[in-house]
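Visitor: Below is the structure I would like to discuss, written out as structure tokens.
The values are calculated or read from the model by the stated rules, or taken from the named source; none is laboratory data. Given the structure is predicted, the values throughout are model-derived calculations rather than measurements. For neighbour counting, all protein chains shown are included, and Cβ atoms are generated from backbone atoms with ideal geometry for every residue, glycine included.
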Amino acid sequence: MKYFLLTFTYCVLTFTAKPQKASVEKSTFGIQAGVVGIWLHHEAKLSGQLSLRSETGLYSGIFGSKNFYEVGFVMTPVITLEPRWYYNLNNRVAASKSIAGNNGNYFSLKTSFYPDWFVISDYNDIRVVNQIAIIPMWGIRRNIGNHFTF
């Protein structure tokens, strides 16, 4: 009788429990550093599967002359807005995988503005052209430990 009650209770709890809906986190902050620059970023929740990532930072590059005797370094500011749609959060929860820190696959439309406010360079009189870049992207976001994102 004891096993029957335990089995009955388990079945009732299993079939009447509502599945938890997966959702992106309310807000995440971070610093991103790479070969081509350094950025500060913030990702804010818009809805259950949508978030808006905003970045500001310095984008760097290397340039050279026609005969490669002169090589220069340049850093310029960049501002980015990127709406992201995390499309597989429910699948990750169903497979008992973590979605903490917005772990998941996403589609986004990355929009970057490169203003001509200032330029850091080892040459004088270097300028950049004001430009906007709009890039559709597909990405995978995974956390390594508690503080690193890949």
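Visitor: Is there a residue in the range 40-61 that is touching a Ser or Thr at 6+ places or on another chain (Cβ under 6 Å), assigned to a loop (DSSP other than H, G, I, E, B) and modelled with pLDDT of 80 or more?
Guide: yes
Visitor: Is at least one residue of the range 90-101 closer than 23 Å to Ser54 by Cα, surrounded by 15 or more Cβ atoms within 10 Å (Cβ to Cβ), touching a Lys or Arg at 6+ places or on another chain (Cβ under 6 Å) and at pLDDT below 85? Don't jump to the end; show me each part of the working.
Guide: Initially, the range 90-101 is screened for residues closer than 23 Å to Ser54 by Cα, giving 99-101.
In the following step, the residues that additionally are surrounded by 15 or more Cβ atoms within 10 Å (Cβ to Cβ) were identified as 99, 101.
Subset that is touching a Lys or Arg at 6+ places or on another chain (Cβ under 6 Å): 99.
Right, trim to at pLDDT below 85 and you get 99.
For the range 90-101, residues closer than 23 Å to Ser54 by Cα, surrounded by 15 or more Cβ atoms within 10 Å (Cβ to Cβ), touching a Lys or Arg at 6+ places or on another chain (Cβ under 6 Å) and at pLDDT below 85: present.
Visitor: Out of the range 136-150, which residues are part of a strand (DSSP E or B) and surrounded by 10 or more Cβ atoms within 10 Å (Cβ to Cβ)?
Guide: Of the residues in the range 136-150, the ones part of a strand (DSSP E or B) are 136-141, 143-144, 148-149.
Within the range 136-150, Met137, Gly139, Ile140, Arg141, Asn143, Phe148, Thr149 meet the criteria.
Visitor: So Ser51 passes all but one of these: (1) over 17 Å from Asp116 (Cβ atoms); (2) among the small types (Gly, Ala, Ser); (3) more than 20 Å from the chain's Cα centre (by Cα). Which condition number does it fail?
Guide: Of (1) over 17 Å from Asp116 (Cβ atoms); (2) among the small types (Gly, Ala, Ser); (3) more than 20 Å from the chain's Cα centre (by Cα), only one is false for Ser51: (3).
Visitor: Could you look through the range 106-135, keep only residues that are among the aliphatic types (A, V, I, L, M) and not in a loop (DSSP other than H, G, I, E, B), and pick out the one that is nearest to Arg84 (Cα to Cα)?
Guide: Just the residues of the range 106-135 that are among the aliphatic types (A, V, I, L, M), to begin with: 109, 119-120, 126, 128-129, 132-135.
The next check asks that each one be not in a loop (DSSP other than H, G, I, E, B); those that pass are 109, 120, 132-135.
Working: Leu109: 7, Ile120: 31, Ile132: 18, Ala133: 16, Ile134: 14, Ile135: 12 Å.
The selected residue is Leu109.
Visitor: If you don't mind, there's one more thing I want to ask. Please count how many residues of the range 86-105 are part of a strand (DSSP E or B) and under 18 Å from Phe29 (Cα atoms). Give the derivation first.
Guide: Initial filter on the range 86-105 (part of a strand (DSSP E or B)): 86, 104-105.
This time we only want the ones that are under 18 Å from Phe29 (Cα atoms), so: 86, 104.
Residues that pass the stated criteria total 2.
Visitor: Starting from the range 77-92, take each residue that is within 29 Å of Ile38 (Cβ to Cβ) and list its partners that are of a type in the set (D, E, K, R), counting only C-beta distances under 7 angstrom and pairs at least six apart or across chains.
Guide: Short answer, once both residue conditions are applied: Thr80/Glu55; Thr80/Lys110; Glu82/Arg53; Glu82/Lys110; Arg84/Arg53.
Visitor: Quickly run through the range 76-101 and pick out the residues that are under 27 Å from Tyr114 (Cα atoms) and in contact with a Phe, Trp or Tyr (Cβ under 7 Å, 6 or more places away or on another chain).
Guide: Thr76, Pro77, Val78, Ile79, Arg84, Trp85, Tyr86
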